[in-house]
Amino acid sequence: MKTLVPTKIIHLALAAGLLCGSTLLPVQAEAASCSSRASSLAASKGGRILSVSARGGKCVIKLLIKPANGPPKRKTFVVSK
C-alpha cells in the first residue's frame, strides 16, 4: 500500500473542496501553509516529517533526520508561514 505525503493529502483535500464548492476555513488554510513549508524543509534537510503544527504566525515542524553515521535525530524547526 502506498502512503501519501502530507502535501499530497492537503492538495487532494483542496481539490475536493473546490469540486464540492466548499470554502476553506482559516485553520485549514494555516494547515496547508505549514504542510507545504514542512515538505520543503524535509526535502532540503533530507529528513522525514514527524509532526507539523501552527502557532500564531509560525509553523512548528518536527523532522527525523538521519546523519551520515549514527542514529536518526529528531529536530524541531520554527519557521514563518
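All but one of (1) modelled with pLDDT under 90; (2) crowded, with 16+ Cβ neighbours inside 10 Å; (3) in contact with a strand residue (DSSP E or B) (Cβ under 9 Å, 6 or more places away or on another chain) hold for Val27; state the number of the condition that does not hold.
(2)
Go through the stretch 33-49 and give me each residue that's surrounded by fewer than 17 Cβ atoms within 10 Å (Cβ to Cβ) and under 9 Å from the mean Cα position of the chain (by Cα).
Result: Ser33, Ser40.
Quick one: is Ser40 assigned to a strand (DSSP E or B) and at pLDDT 85 or above?
Answer is no for this residue.
The values are calculated or read from the model by the stated rules, or taken from the named source; none is laboratory data. All figures in this text were calculated on a predicted structure; none of them were measured in a lab. We place every Cβ from the backbone using ideal geometry, glycine too, and count neighbours over all the protein chains shown.
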